[in-house]
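Readers should treat all values here as calculations from the given coordinates under stated rules, not as data from a laboratory. A quick note: this is a predicted structure, and the numbers were derived from the prediction, not measured. All Cβ positions, even for glycine, are placed from backbone atoms using ideal geometry, and neighbour counts span all protein chains on display.
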Amino acid sequence: MPFQVYRRRNAITPVMKQPFVEHIAIDSTEACLLLPVVISAGNMTEQEKRLRLSSTLYIGNLSFFTTEEQIHELFSKCGDIKRIIMGLDKVKKTPCGFCFLEFYRREDAKHALMYISGTRLDDRIIRGDWDAGFVEGRQYGRGRSGGQVRDEYRAEYDGGRREDMARQLSNNCSKSNRMIDAFDMTPENDL
Amino acid sequence: MSSRKRYAEEEAERSSKRRKATSDQAEIEARLESLITRVGEKSTSSLESNLEGLAGVLEADLSNYKHKILEILCICAIELPEKVTVYTTLVGLLNTKNYSAGEELVDMLIKQMRDYMKHNEWEKSQRIVRFLSDLINCHVVELSSLLVLYQSFLDASNEEGVPQVRADFFVYAVLSSLPWSGEELSESKGPDLDKLLDRIDKYISLLSNALQHALPPFTPPPHTDECVYPIPRVVFRLFDATDIPEGPALPGSNTINRYLVEDCLSRILQVYLDRKDCAAQLVGFHAKNRFPYHYMIIEVVFSSLFNLPDPANLEVFHASLLLELCKLQPGFLPQVLAQATEMLYERVEHMNLTCMERFIRWFSHHLSNFQFRWSWDEWIDCTEKEPEDAKPVFIHEVLQKCLRLSYHQRLVETLPDKFEPLIPKEPTPVFRYIDEETNQIPALPISRKLIEAFKAKATMEQVEEILNQIPGPKKEDNSGEVEEAANPLKIDVFVQSLLFLGQKSFSHTFSALAKFHPLLKKLGNTEESQIFMLRTIRDLWQNHQQMICVIIDKLIRTTIVSCPAVINWIFSEHMRVHFTEGFVWEILHGVLRKMNMEVTQLQKELEDVKHKKSDEEDGETSGEEYAVSNTASESQVEKLQESYEAAQSEQKNLFLIILQRFIILLTEHIVSCESKGTSFQTPWYNLSIQRLEQIFTLHHKQVSKYTGTLENLLFSSDTDQNLLQVYHRFCSLRA
């Protein structure tokens, strides 16, 4: 895998104030975007240390319609979940296909990678990877349109990631959209 | 050249040689390890010639690497039991070439076996017995001395005043080794076994001239109270020969062949924890052409999943492994798996409740990976039964889980129309304070004001002010002082409005709870008011079980409600309608698990601190610095000790509450049925008594610590016989 090295570096993004690349590079177009990233070796070890202690995972290739509840149910099979932070479209504030998932125990996160990553949720094969820990701001997609960079380069049609195919989430969808204002999705620290 | 310089140069040269030597040595050792561990894997040449070759290599290295080689062999004997015959043969070949190496290995194994027994690693010690037994076939161990070893095991099982489980272990260890030594020992013949052994016999006959070793005398370590023996196992058989349409026949349920194949496959499950490796190993099983191995693989995977009290592997591993197996052999495994599922469904009525719940979790998870496609029409019979019958209950619970992994509309579209009554309702909130035509809900205006305030991001004080417009019922205590009693209406309006507004996702709900945490704590200041709060939550989310579960988990973690409050709520009248439903027990066992984790965590911290302290004391004890750190850790230890003991007694208390509530509930039921002259064994009773049993099953490690208290307080001779039976069954697992 020639792009392996970029993917590793990618995991380092939380140190930087403005993360500007997507977390996982799968197709070559995206990997090209990552080329200019330069990170000092000092940060590398610090980051690697954090990765080794982390109980947070990055989960990708989710359908835009997959909910936090579904993710919670599936990954709870590996252990108690501390929090889930849904990746959101920067502009529309709607899910854009990834999330951060934090377990209470690292061991459980490891099992999630072993037994859940690579299986299906909402008919899509989801992928997990270690993450150094969520930092505010990282929940937003970094593509020009607000979503993930990857989706802007996608050549083939992907139903689970098209907004006009939106699952009918019943009529309370519009109702609850208004409610976002009362309790916004900014993750609170655990009490 | 000065002598000093020369010395330095020589030293440098020596050290570089040493370095080179160590790295060379490490390299050779690594090579030896790889050679030994890989022998017996797929290869172009025959196993026999590979073994001969390897024995030759090892013989040459024995002079320099004897200890390392023997150590690796020892590890292989324990960690790679599926290749036991490969390694015994290798040892046999080595023994003919180097008698003393054989002797040392046997001594090493015996010592290892005793150590394992001392550390309660009974299974590993059993593997050594088996290895030693097979060594008689390779003429490494004397037949008579193996008999003496067996004799010492049987002696251990005849000791007086030891638990049955200890005796069981020693007998089982001998029995499970007989397949390897039985033929030699008794000359009696299972014709199948003979055939199997024939080939090996021919091959190893060339070893017959070797000198053999007597096993050193062995006495099993004595029984102590710290000994924890393996829990009795149930032999799990799903298929018999008539279930398999074609191909090689399935050996009978009680035959040695069935046992041996099962043993081999289940070891693979224990050793290969990576799902892909494990699936590949199972499918590549060396004797697969002689058995209907797809069937045996599925049987072994379910046997591991349904093992009681705990699954033999992590529960989610089984689902993941089965997905991998289906991917690896799409032409065979899905069909066999479907057949197994069908058979389990047909017997679901007789299934142990804990196993059924694992079955439900696996099946729903599996379906979610296959677009929920299933031959649902063939299960249509369940829609015509009474709703409390096992099959419809099973399907309903499966669909509850499917709903959580998917969404309502999808289930409605996927399942045949006739399943409609079994599909859970759409998981939307049932909000009490909503405009009705009659508009007679008392606190409706308050709720509206609250919602406006939440939206306007009002402060805690402003919200509390609105809430205080509801007059609280006052009660006078004996001293004549007026204090505010729990106010159900206040709690209801606030909690319902708050959570209704946070309905969009878990994150929104958690965010709402976090924002008003102090107010929630204030409202739920007594156990009574906490139970009101739980009622309110259940009423709002009665169609969204997962939401109830995660909210309660959050409330406990943020100490808004206490564990006993949750337990008492579950056993309250209000929850009677849900008492037999899965999610209630998910909550209850979640509470116990959290409690258990806390106790374990504190115990670990305490041990760590004590350990550190004793290290310090062993070290240098001079200087003030030491005195300071010592006093600090002294108070630290004390504090930890206190919290640990508090958590322990809280945990014990929880179990006592649960078991007591069970006894009251079930005894009432039995008495009331008897007074009416009807049978008490209703579907409700059968499910509920299994829920009681499940407390023992899932938390056996914890509950077994309290048997003394339990016998004094709860399970005494006055207790109903039916309930006592459940308790005695649990005790017998360790007796």
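Take each residue of peptide B:312-319, count the partner chain Cβ atoms within 10 Å of its Cβ, and average: the result is 4.
Were the residues from B:D243 through B:I657 laid out at 0.36 nm apart, the gain over their Cα-Cα distance would be 144.4 nm. Compared with the dominant principal axis of the Cα atoms in chain B, helix B:47-79 is inclined by about 60°.
As a test of understanding, state the convex hull volume per residue of segment B:559-621 from its alpha carbons, in Å³. Walk me through the intermediate numbers first.
Details: hull volume 5.4 nm³, N = 63.
Output value, Cα hull per residue: 86 Å³.
Direction-averaged projected area, Cα convex hull, segment B:501-611: 8.0 nm², rounded to one decimal. Here the Kirkwood formula, the inverse mean of 1/r across different C-alpha pairs, assigns segment B:589-732 a hydrodynamic radius of 18.3 Å. Note on segment B:360-447: Rg/Rh from C-alpha atoms, Kirkwood Rh, equals 1.15.
On full extension of the chain, what length is gained from B:E226 through B:E142, given 0.36 nm per residue of separation minus the C-alpha to C-alpha distance? Provide the component values of the computation, followed by the final result.
Values: separation 84, 0.36 × 84 = 30.24 nm, distance 3.40 nm.
Gain in length upon complete extension: 26.8 nm.
For the residues of B:506-518, the average number of beta carbons from a partner chain within 10 Å of their own beta carbon is 5. Here the extension length gained between B:C673 and B:F236 equals 153.7 nm, from 0.36 nm per residue of separation less the Cα-Cα distance. The amide H of B:V141, built 1.01 Å from its N in the peptide plane, has B:I136, B:H213 as neighbours under 5 Å, considering only residues 5 or more places off or on other chains. One quarter of the surface of the convex hull around the alpha-carbon atoms of chain B equals 50.2 nm², the direction-averaged projected area. Amide H to amide H, with H built 1.01 Å from N, B:Q542 comes under 5 Å of B:V430, counting only residues 5 or more places away or on other chains. Modelled this way, with points 7 Å down the Cα-to-C-beta line, the labels at B:K111 and B:Q270 are 2.4 nm from one another.
For A:C96, the residues 5 or more places off, or on other chains, whose built amide H falls under 5 Å of its own are A:G87, A:L88, A:D89. Relative to its Kirkwood radius, the Cα radius of gyration of segment A:97-147 gives an Rg/Rh of 1.01. Approximating the spin labels as points 7 Å out from Cα along Cα→Cβ, the B:F431-to-B:R593 distance works out to 3.2 nm. Placing dummy labels 7 Å off each Cα toward the beta-carbon, the span from B:K118 to B:Q603 is 2.3 nm. For segment B:23-207, what does the alpha-carbon gyration tensor say about shape, rounded, prolate or oblate, given a ≥ b ≥ c as the root eigenvalues, a/c under 1.5 as rounded, and a/b over b/c as prolate? Verdict is oblate for segment B:23-207.
Average partner chain C-beta neighbours within 10 Å, per residue of A:110-117?
Details: counts 0, 5, 1, 0, 8, 13, 4, 1.
For this peptide, the per-residue mean of nearby foreign Cβ atoms is 4.
Each residue of segment B:353-365 was assigned a 3J(HN,Hα) from its phi angle through the Karplus expression (A = 6.51, B = -1.76, C = 1.60, θ = phi - 60°), giving 4, 5, 5, 4, 5, 5, 4, 4, 5, 5, 5, 5, 5 Hz with x at Gly and Pro.
Normalising the average separation of contacting C-alpha pairs (under 8 angstrom, six or more residues apart) by the number of residues puts the relative contact order of chain B at 8 percent. Given R0 = 25 Å, the distance between the Cβ atoms of B:N468 and B:T559 translates into a calculated FRET efficiency of 0.60.
Pop the C-beta distance of B:D310 and B:S614 into the FRET formula with R0 = 41 Å and round what comes out to the nearest 0.05. Please report the intermediate quantities before stating the final value.
Details: r = 34 Å, r/R0 = 0.82.
Computed FRET efficiency for B:D310 and B:S614 comes out at 0.75.
Along each principal axis, taking the top coordinate minus the bottom one, the Cα set of segment B:250-334 gives 33, 31, 21 Å in descending order.
From its DSSP helices (H runs of at least four residues, each -39,500 (n - 2.57)), chain B gives a residue-normalised ellipticity at 222 nm of -22000 deg cm²/dmol. For segment A:46-173, the convex hull drawn through the C-alpha positions has a volume of 124 cubic angstrom per residue. Descending by average beta-carbon neighbour count within 10 Å, the peptides B:716-722, B:509-515, A:139-145 line up as B:509-515, A:139-145, B:716-722, the highest first. Here the 3J(HN,Hα) profile of segment B:129-142, calculated from phi with Karplus coefficients 6.51, -1.76 and 1.60 at θ = phi - 60°, is 4, 5, 4, 4, 4, 6, 5, 5, 5, 9, 6, 9, 10, 6 Hz, Gly and Pro shown as x. Computed from the C-beta positions of B:E527 and B:T219 and an R0 of 60 Å, the FRET efficiency is 0.60 to the nearest 0.05.
Explain nothing, just the number: dipole magnitude of segment B:14-114 about its Cα centre with +1 on each Lys and Arg Cβ and -1 on each Asp and Glu Cβ, in debye rounded to the nearest 20. The partial results should precede the final answer.
Values: 14 positive and 15 negative charges, 115 e Å.
With Lys and Arg at +1 and Asp and Glu at -1, about 560 debye.
Computed 3J(HN,Hα) for segment B:460-471, one whole-Hz value per residue from the Karplus formula 6.51 cos²θ - 1.76 cosθ + 1.60 where θ = phi - 60°, is 4, 5, 4, 5, 4, 4, 4, 5, 6, 5, 8, x, glycine and proline marked x.
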